[in-house]
Amino acid sequence: ETGVTQTPRHLVMGMTNKKSLKCEQHLGHNAMYWYKQSAKKPLELMFVYNFKEQTENNSVPSRFSPECPNSSHLFLHLHTLQPEDSALYLCASSPGTGFDSNQPQHFGDGTRLSIL
Amino acid sequence: AQKITQTQPGMFVQEKEAVTLDCTYDTSDPSYGLFWYKQPSSGEMIFLIYQGSYDQQNATEGRYSLNFQKARKSANLVISASQLGDSAMYFCAVSAQGGSEKLVFGKGMKLTVNP
């Protein structure tokens with residue numbers, strides 16, 4: 001099992017569809033993250049969860065709805081997306097608040113999302 | 001707020017040569033961490049190396065080393081003996097308070113290793 005697993009790897013959806021991205025980590029971490037990576041832009045942090053509680057919402061539109069049922073799973077529910085939402089969505093995990101500062105975030109392979 | 005600047009959009013290097021990837025940062029936090037990640041075309045972000053702001057020595061990790069110049073706020077990545085598999089996007093990131101909970105990434109730069 002790889003450390004952080006994201007499904008699906010690719011997703012094509014219409015603007016009126018509802019879909020969900022899934023992330024699962026097998027590292028025993030307590031913090032999980034969603035990032036958006038658009039072409040030629042830096043990674044944009046979207047949401048942070050620590051011990052299942054959302055600690056960061058980086059002004060993300062409400063058409064993106066995260067869910068963290070436990071420390072190992074993170075979802076991103078999508079509805080009524082726009083063409084500019086087409087991007088690579090990366091999930092990451094880290095030990096969490098209070099742990100050694102040199103522990104990096106571990107990323108999944110990402111979901112490449114295309115909005116028609 | 002933290003900020004990372006990576007000004008090199010792309011670099012080419014011959015296999016087996018060393019290459020330096022530039023990164024400058026800006027932060028008002030007295031304690032911070034600097035990270036380098038590699039992103040192959042497959043998409044996964046792979047952690048390479050970490051430097052803490054209070055670390056006395058430059059970090060090294062195999063063929064990767066970090067040239068940390070605190071006064072100049074630079075954290076350049078040095079890859080020795082480049083390999084074809086090193087061809088990828090490389091991202092520098094800074095975190096607040098030394099922890100990795102909130103990383104701010106640069107735009108990245110593309111490294112191509114030629115045979």
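Rounded to the nearest 20 debye, what is the charge dipole size of the protein assembly as shown about its Cα centre when +1 sits on each Lys and Arg Cβ and -1 on each Asp and Glu Cβ?
Roughly 520 debye, rounded to the nearest 20.
Quick query: amide H of A:Met46 versus all other amide H atoms, modeled in the peptide plane; which residues come in under 5 Å with a sequence gap of 5 or more or a different chain?
It is A:Trp34, A:Tyr35, A:Lys36, by chain and number.
What is the percent carbon and sulfur in the accessible area of chain A, measuring with a 1.4 Å probe over the protein chains and ignoring ligands?
49 percent
Straight-line reach from A:Lys36: which lysines have Cα under 26 Å away, leaving out those fewer than 8 places along the same chain?
Within the straight-line limit of under 26 Å, A:Lys36 reaches these lysines: A:Lys18, A:Lys19, A:Lys22, A:Lys52, B:Lys3, B:Lys38, B:Lys102, B:Lys107, B:Lys110.
When chain B is modelled as a GNM with alpha-carbon springs shorter than 10 Å, which of B:Ser42, B:Ser82, B:Ser65 fluctuates the most?
Between B:Ser42, B:Ser82, B:Ser65, it is B:Ser42 that shows the largest mean-square fluctuation.
Along Cα→Cβ, 7 Å out, is where each label goes; now give me the distance between the ones at A:His26 and A:Ser38 in nm to one decimal.
Rounded to a tenth, the inter-label distance reads 3.5 nm.
Along the three principal axes, how long is segment A:17-64 when you take its alpha carbons, biggest first, rounded to the nearest angstrom?
Ordered largest first, segment A:17-64 gives principal extents of 32, 27, 20 Å.
If each residue of separation counts as 0.36 nm, what is the full-extension length gain between B:Arg72 and B:Asp26 once their alpha-carbon separation is subtracted?
So the chain would gain 15.6 nm between B:Arg72 and B:Asp26.
Can you give me the C-alpha center-to-center distance between segment B:1-43 and segment A:35-89, rounded to a whole angstrom?
Using only Cα atoms, the two centres lie 24 Å from each other.
Using the reciprocal of the averaged 1/r over all distinct C-alpha pairs, how large is the Kirkwood radius of segment B:1-84 in Å?
13.7 Å
For B:Met11, enumerate residues with amide H under 5 Å from its amide H, sequence gap 5+ or separate chain, H modeled in the peptide plane.
Sorted by chain and number, the residues that satisfy this are B:Lys110, B:Leu111, B:Thr112.
Listed highest first by mean packing, meaning other Cβ atoms within 10 Å per residue, what order do A:84-96, A:35-47 come in?
Final packing ranking: A:84-96, A:35-47.
Between A:Lys19 and B:Ala1, what's the calculated FRET efficiency when r is the beta-carbon distance and R0 is 41 Å? Round to 0.05.
That pair, A:Lys19 with B:Ala1, gives E of 0.80.
The values are calculated or read from the model by the stated rules, or taken from the named source; none is laboratory data. If you're wondering where the values come from, they're calculated on a predicted model, not measured in any experiment. Methodologically, a virtual Cβ is constructed for each residue, glycine included, from the backbone with ideal geometry; neighbour enumeration extends over all protein chains shown. Remember, those area values only see protein heavy atoms, side chains included, never the ligands or the DNA or RNA. Shrake-Rupley method; radii C 1.70, N 1.55, O 1.52, S 1.80 Å.
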